[in-house]
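Some notes on the structure that comes next.
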Amino acid sequence: MMDQRYIEILTNPGTVKLADIPVLQYPEFSAFVDLLMGEEGTHCVSYFVLPKPDTYRFICCMAADENHALLIFSHEQPLEPSLSLQSLTARHFQFHAFEREIHENFGITFREHPWMKPVRYPFDRADQSRIMNNYPFFSIDGEELHEVGVGPVHAGIIEPGHFRFICHGEQVLHLEIQLGYQHRGVEHLFIEKPGILHQSLLAESIAGDTAVGHSMAYAGVVESLAGIVVPPYLSAERVIALELERIAMHIGDTAALCTDIAYQLGQVVNEALRTIVINTTQLWCGNRFGKGLVRPGGSHYPLSGATIAEILKNLKDVEERYVQVTDRIFSLPSALGRFEGTGKLTTMQASLIGAVGMAAKSSGMYRDIRWSHPFSAYAGHRYEPVMLHKGDVWSRAMLRKREVEKSMEVIRELIRTFTSTEIENRKSKIENPIYDLSLAPSSLAISMVEGWRGEICHIAVTGDSGKMIHYKAKDPSFHNWMALALAVRNQEISDFPLCNKSFNLSYCGNDL
Amino acid sequence: MPLKEINIFRRHGSQYVPDLRKVRLPEIFRGKPVIGHYITPAEGHLAMNLCPTGAVGLLPANPDADHGLYTIDLGKCVFCRECEFALPGKIRFTGDYKMATNVRERLVVVSGGDQPAGLDPGKVRKEIRSFFKHALKLRQVSAGGDNSTEMELNAAGNVNFDMGRYGIEFVASPRHADGIVITGPISENMAEALQICYDAIPTPKIIILAGTDAISSGIFSGSPALNRTFLNHHYVDLYVPGNPPHPLTFINGVLDLIGRL
């Protein structure tokens, strides 16, 4: 008999009717969350409030990785500013950011939430008296302790965020990260200016370093709502673009990790290799970050035979040189001395906070959307994630090296599936993007993509007329910022830049 | 030096771009657009309606002409190229990356395409060239930037582009800087920090807006989460369009500004 407590989605992306999402009583809802959290490989993908004229509808999307399924269920509460619910976070810490976000946006209280801190100070937050300057930092009194505040403006050309350390001498006891400086009102703009072209551009600006990842997640949402099935050739092209983005960012991060340990040769060689990869993307679509490459329903930039040849040639060159330089990095005692054992995130911690992507895989958690919820050309591909177990800077650096090699394999494999007639046909018969899609009314669509940082999730909800009424965009960083805060505990503060770079999380992706 | 390092060096070879002023980017690069002479009102309106950021505009017709002139404002353009796809042969984005200028109006490309572009040397503040021609240290502030422009500014100093060869560098402290490079549409939550950082830079100092987000707020235009009042109170010395701007767009713009050949 079918379980009445949830509706299951077995495709990625997938769409369900809002009316088909079961509405549970809150105690039943919490008990069901308890049940799911007791199972291996289950985590919360999204938990958000859909405000309706007369009620708040809380919608929860949980991923069951082993079954390659998404379970969606909900509960409804009256529209009362004094609404107070028993927190899920108290039992399942990975809900902390979702409940904080709901509290910040709507003022709803979660009793016994252990860490009810602001997430991003959105312009339409419920409590306008909370401002950037009065963030409630955790503090410890003690004569031998001191605090170090860094940011929002940092030493390099990076995005703003504030880090508050509590230190005992050189040792970090606690780090708290205040974000929100990059808040641009992205989710609001998705609804305010609902044109598909406008939304595509917004999606690729959520985090410009993940332009392909986020625009693929967005395209998945609207294509699913419009009932469009993308031809296999286009799916393959998107995955090639996504993997090129991953290769470029991982190589760039390898360079940055070398910078932070003052190994200049590693830095310089990897910088040059990243240039080759992003210039390949530029040769394909005219933009080094792949902006404009992914659009719903079609593409302005079909892969030509010449571009394919260029991709293969450059990957070969980059692979040889990347393997050569990383073999050196990972055998240098001075590099290993800084990487090994530094900034450890244990498997237990990663699981507790619901870590995703690189942070999870390098800490021994088998979590990769390409495997668990295959999308686009990954459907039917049987991707096996790269896994490492120590959770230190070394693991996160090594994970990048192995994923670069793996992504190159994926690209080559996809290119091998193209026949020459297909390439010729594609050139003469371009399916243009579609900007006047009509979307299924009163529905919820969810789309997940494994970007280079990890799990990207976009959710769109439509109203009675098929107009989009709610949009949720989630960057993997939303889960993983807590991983960084935990990893630097008991480390020397001088290792913070290295730990930070090893996660390389997105500020704008979190702040939206 | 160990043999392995020598082999890596040998394979790495020479990566720097010898002449940053003369590089040709592939034609597919979305640089400065050209608008043809003959755009019908129907075509013009198609492009205006299509443009997601209102970058396509129409100049009022002068009395002698039978129609007005269509324009693309590079300060608003997000380089999505949709107007070209809709009007092939009428609008074309070229590989020309030299788009930076010191005069806001010069970012507007007019149909016909023979308007003066680039920097107006007569309008560059005198002290800029006397103080900064041989060394310019910049402090970058991301205020709602999406990290693509930030990465391109980093790339401007990397082994390929190496703008450090001209004495142009990004520095950590505003106290060491001669100017500020702003990226992003300037979020409300970053507005105060931006002002504090700017105030900490000793005078004389310059302001550079890098990327369409910074120049006009681009795709985020009209968002209630922005606070762009900083720009009402300060003179902007250089506008660098792009989504994100290519490192060559930035470097060439700065070289023009400080008067280096």
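With the Cα gyration tensor of the protein assembly as shown giving a ≥ b ≥ c as the square roots of its eigenvalues, does the rule (a/c under 1.5 for rounded; else a/b larger than b/c for prolate; else oblate) give rounded, prolate or oblate? Write out the running numbers ahead of the final one.
On the way: a/c = 1.33, a/b = 1.18, b/c = 1.13.
Rounded, since a/c falls under 1.5.
Taking 8 Å as the Cα distance limit and 6 or more residues as the minimum spacing, I'd like the relative contact order of chain A as a percentage. Mind showing how you got there, number by number?
Numbers: 991 pairs, mean separation 96.6, N = 512.
Once normalised by length, the contact order is 19 percent.
Could you pull out every residue, at least 5 positions away or on a different chain, whose amide H is within less than 5 Å of the one on A:F110? Hs are placed 1.01 Å off N in the peptide plane, and Pro or chain starts have none.
Here the answer is A:L85, since their amide H atoms fall under 5 Å of that of A:F110.
Shape verdict for the stretch A:186-511, please, from the Cα gyration tensor: rounded (a/c under 1.5), prolate (a/b greater than b/c) or oblate.
Values: a/c = 2.11, a/b = 1.34, b/c = 1.57.
Oblate, because a/c is 1.5 or more while a/b does not exceed b/c.
How many percent of the accessible area of the stretch A:7-119 is carbon or sulfur, using a 1.4 Å probe? Intermediate values should be presented prior to the final figure.
On the way: 2280 of 4290 Å².
C and S fraction of accessible area: 53 percent.
Shielding of A:279-285 by partners, i.e. mean partner chain Cβ atoms within 10 Å per residue? Don't skip to the end; give the middle numbers.
Details: counts 4, 0, 0, 6, 4, 2, 4.
Average neighbour count from other chains, rounded to a whole number: 3.
Once the Cα atoms of helix B:41-50 and of chain B are each reduced to a long axis, what angle between those two axes, in degrees from 0 to 90 to the nearest 10, is obtained?
40 degrees
Tell me the accessible surface of A:F339 in square angstrom (1.4 angstrom probe, heavy atoms of protein chains only), to the nearest ten.
0 Å²
Which value in nm describes the separation of the simple spin-label points at B:T229 and A:F330, placed 7 Å from the Cα toward the beta carbon?
Here the modelled spin labels are 5.3 nm apart.
Take each uninterrupted DSSP H stretch in chain A, measure its Cα extent along the helix axis, and return the ones at 18 Å or beyond whose mean Kyte-Doolittle hydropathy is at least 0.5.
Answer set is A:211-226.
Placing +1 on the Cβ of each Lys and Arg and -1 on the Cβ of each Asp and Glu in the protein assembly as shown, which of A:Y47, B:G242, A:I177 has its Cα farthest towards the positive end of the resulting dipole?
Among A:Y47, B:G242, A:I177, the one farthest towards the positive end of the dipole of the protein assembly as shown is B:G242.
For A:R5 and A:L437, what is the calculated FRET efficiency with R₀ set at 41 Å and r taken between the beta-carbons, to the nearest 0.05?
Values: r = 32 Å, r/R0 = 0.79.
E(calc), rounded to 0.05, equals 0.80.
Take peptides B:214-221, B:125-132 and line them up by average Cβ neighbours within 10 Å, highest first, as a rough protection proxy. Please report the intermediate quantities before stating the final value.
On the way: B:214-221: 25.0, B:125-132: 15.0.
Top of the packing list down: B:214-221, B:125-132.
What average count of beta carbons from other chains do you get within 10 Å of the Cβ of residues in B:134-145?
On the way: counts 0, 0, 0, 0, 1, 2, 5, 4, 11, 7, 11, 10.
Average neighbour count from other chains, rounded to a whole number: 4.
So for chain B, averaging the separation of alpha carbon pairs under 8 Å that are six or more residues apart and normalising by length, what relative contact order in percent results? Walk me through the numbers before you get to the answer.
On the way: 500 pairs, mean separation 57.5, N = 261.
Once divided by the residue count of chain B, the mean separation gives 22 percent.
Taking the Cα centre of the stretch B:121-258 as origin, sum charge times position over the Cβ atoms of Lys and Arg (+1) and Asp and Glu (-1), and report the length of that vector in debye to the nearest 20. Let's see the in-between values first.
On the way: 11 positive and 13 negative charges, 112 e Å.
With only Lys, Arg, Asp and Glu charged at Cβ, the dipole is about 540 debye.
Efficiency by 1/(1 + (r/R0)^6): what FRET value for A:R489 and B:T40, r their Cβ-Cβ distance, R0 = 56 Å, to the nearest 0.05? The partial results should precede the final answer.
Working: r = 66 Å, r/R0 = 1.18.
Step by step, r from the Cβ atoms, then E = 0.25.
Rounded to the nearest 20 debye, what is the charge dipole size of the protein assembly as shown about its Cα centre when +1 sits on each Lys and Arg Cβ and -1 on each Asp and Glu Cβ?
Dipole of the protein assembly as shown, to the nearest 20 debye: 1980 debye.
Please turn the phi angles of the stretch B:72-84 into ³J(HN,Hα) values with the Karplus equation 6.51 cos²θ - 1.76 cosθ + 1.60 (θ = phi - 60°), one per residue in order, whole Hz, x for glycine and proline.
After applying 6.51 cos²θ - 1.76 cosθ + 1.60, I find 10, 8, 5, x, 10, 5, 9, 6, 7, 6, 5, 5, 5 Hz.
Exceeding 31 Å between C-alpha atoms, which entries from my cross-link table qualify? They are A:K17/A:K344; A:K193/B:K123; A:K193/A:K501; A:K401/A:K474. Walk me through the numbers before you get to the answer.
Numbers: A:K17/A:K344 43 Å; A:K193/B:K123 38 Å; A:K193/A:K501 35 Å; A:K401/A:K474 26 Å.
Correct reply: A:K17/A:K344; A:K193/B:K123; A:K193/A:K501.
So for the stretch B:121-258, averaging the separation of alpha carbon pairs under 8 Å that are six or more residues apart and normalising by length, what relative contact order in percent results? Walk me through the numbers before you get to the answer.
On the way: 244 pairs, mean separation 40.6, N = 138.
Dividing the mean separation by the residue count of the stretch B:121-258 yields 29 percent.
Can you list the residues, at least 5 places off or on another chain, whose amide H is less than 5 Å from the amide H of B:I180, using H built in the peptide plane?
Amide H neighbours of B:I180: B:R139, B:I206, B:I207, B:I208.
Provide, in order from the shortest bin, the percent of all Cα-Cα pairs of chain B in each 10 Å bin, continuing until the bin that contains the maximum pair distance.
For chain B, the pair-distance distribution reads 7, 28, 32, 21, 9, 2, 0, 0.
Kindly report the accessible area of chain B per residue (heavy atoms of protein chains, probe 1.4 Å, no ligands, DNA or RNA), in Å². Let's see the in-between values first.
Working: 10780 Å² over 261 residues.
Ligands and nucleic acids excluded, the figure is 41 Å² per residue.
Among residues other than B:I215 whose Cβ falls under 11 Å from its Cβ, what is the net charge (Lys/Arg +1, Asp/Glu -1)?
Details: positive: B:K76, B:R104, B:R228; negative: B:D73, B:D213.
Value of the local net charge: +1.
With θ set to phi - 60° and the Karplus curve 6.51 cos²θ - 1.76 cosθ + 1.60, what are the ³J(HN,Hα) couplings of the stretch A:11-20 in order, to the nearest whole Hz, using x for Gly and Pro?
10, 9, x, x, 10, 10, 6, 4, 5, 8
Using θ = phi - 60° and the Karplus curve 6.51 cos²θ - 1.76 cosθ + 1.60, what whole-Hz ³J(HN,Hα) does each residue of the stretch B:165-181 get, with Gly and Pro shown as x?
4, 9, x, 9, 8, 8, 10, 7, 9, x, 5, 8, 9, 9, x, 10, 10
Taking 7 Å along the Cα-to-C-beta vector as the label spot, tell me the B:D19-A:L83 distance in nanometres, rounded to one decimal.
6.6 nm
Taking amide H positions as placed in the peptide plane 1.01 Å from N, state which residues far from B:V23 in sequence (5 or more) or on other chains have amide H under 5 Å from it.
Under 5 Å from the amide H of B:V23: no residue qualifies.
Going Cα to Cα from B:K22, which aspartates and glutamates come in below 13 Å? Please leave out same-chain ones fewer than 8 positions away.
B:D96
Place the peptides A:48-54, B:29-35, A:408-414, A:392-398 in order of packing, highest mean first, counting for every residue the other Cβ atoms within 10 Å and averaging per peptide.
Working: A:48-54: 13.9, B:29-35: 22.1, A:408-414: 17.7, A:392-398: 24.7.
My ranking of the peptides, most packed first, is A:392-398, B:29-35, A:408-414, A:48-54.
Other chains' Cβ within 10 Å of B:188-196 residues: what's the mean? Walk me through the intermediate numbers first.
Numbers: counts 9, 15, 11, 2, 5, 7, 4, 0, 2.
Across the residues of B:188-196, the mean count of other-chain Cβ atoms within 10 Å is 6.
The values are calculated or read from the model by the stated rules, or taken from the named source; none is laboratory data. The structure presented is a predicted model; accordingly, all values stated were derived computationally and were not measured. Backbone-built Cβ (ideal geometry, glycine too); neighbour counts: all protein chains shown. Please note that ligands, DNA and RNA were not included when accessible areas were found on the heavy atoms of the full protein model with its side chains. Shrake-Rupley method; radii C 1.70, N 1.55, O 1.52, S 1.80 Å.
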